[in-house]
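Note sheet for the following structure.
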Amino acid sequence: MLHKPICTLAELRAEKKKLRWEITVREAELEAELKQLQSIVNTPFRWVRTIRNLFSHNESGKSDIVSTLAQLGLPILLNSVIFKKSSMVLKGLVAIVSQQVARGLTAKNVASWLETLLDWVKKTEKSGTKKVEEPGEKEAKE
C-alpha cells in the first residue's frame, strides 16, 4: 500500500487518528479471537473438573488400594476394550479423564455402592418371588 506523502500538520494528525483507530480495531479483533480460543481450550478442562467433582475425594486426601488400582486399570480397560480403534489423541484424553475420575474412588464408595445394589436386589427378590399355591397343594399339606 503506497500512501501519499504527508505534507501538512493536519494530514499528520488525520493519519495519526486513522492509525490509532486501526490499532483499536485490530486489538478488539485479537481480543475476540483470544476469548474464542480460550473457550475452546477450557472446555475439556471443565468436563474433567465436572466429572471429577461427581466423585468425592476421601477425607484424608490419600489414595487407597481401590483408587490406585482404578487409576491404573480403568484407562487400560477403556482404551483396550471400548476405544480400541480410536486415535491416540482420544485415547490420551480417555486416560486423563479416567485417571481423574478414579482418584475419587475409595473403598468406602465402592462398599456403599455394593450395599445399595445388594439392598435393591434383596427388595426385588422379596417382592418378585411370591409363590402361588395350586388348589391341590393346600389339601396335600393338611
**Request:** Answer with yes or no whether Thr106 is at pLDDT below 75 and assigned by TED's automatic domain parsing to the domain that holds Leu78.
**Result:** yes
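With the structure loaded, tell me whether Ile96 is at pLDDT 80 or above, surrounded by fewer than 10 Cβ atoms within 10 Å (Cβ to Cβ) and under 21 Å from the mean Cα position of the chain (by Cα) or whether it fails that test. Don't jump to the end; show me each part of the working.
Details: at pLDDT 80 or above: yes; surrounded by fewer than 10 Cβ atoms within 10 Å (Cβ to Cβ): no; under 21 Å from the mean Cα position of the chain (by Cα): yes.
Spelling it out, it is not the case that Ile96 is at pLDDT 80 or above, surrounded by fewer than 10 Cβ atoms within 10 Å (Cβ to Cβ) and under 21 Å from the mean Cα position of the chain (by Cα).
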**Prompt:** Restricted to region 46-81, and to residues that are surrounded by fewer than 10 Cβ atoms within 10 Å (Cβ to Cβ) and part of a helix (DSSP H, G or I), which residue is modelled with the highest pLDDT?
**Reply:** Val81
**Near pairs, Cβ below 9 angstrom, 6+ apart or cross-chain, from region 32-44 (of a type outside the set (D, E, K, R)) to any residue that is surrounded by 10 or more Cβ atoms within 10 Å (Cβ to Cβ)** = Pro44/Leu93; Pro44/Ile96; Pro44/Val97
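The values are calculated or read from the model by the stated rules, or taken from the named source; none is laboratory data. Small disclaimer: the values here were computed from a predicted structure and weren't measured. Note that each Cβ is placed from the backbone with ideal geometry, even for glycine, and that neighbours are counted across all protein chains shown.
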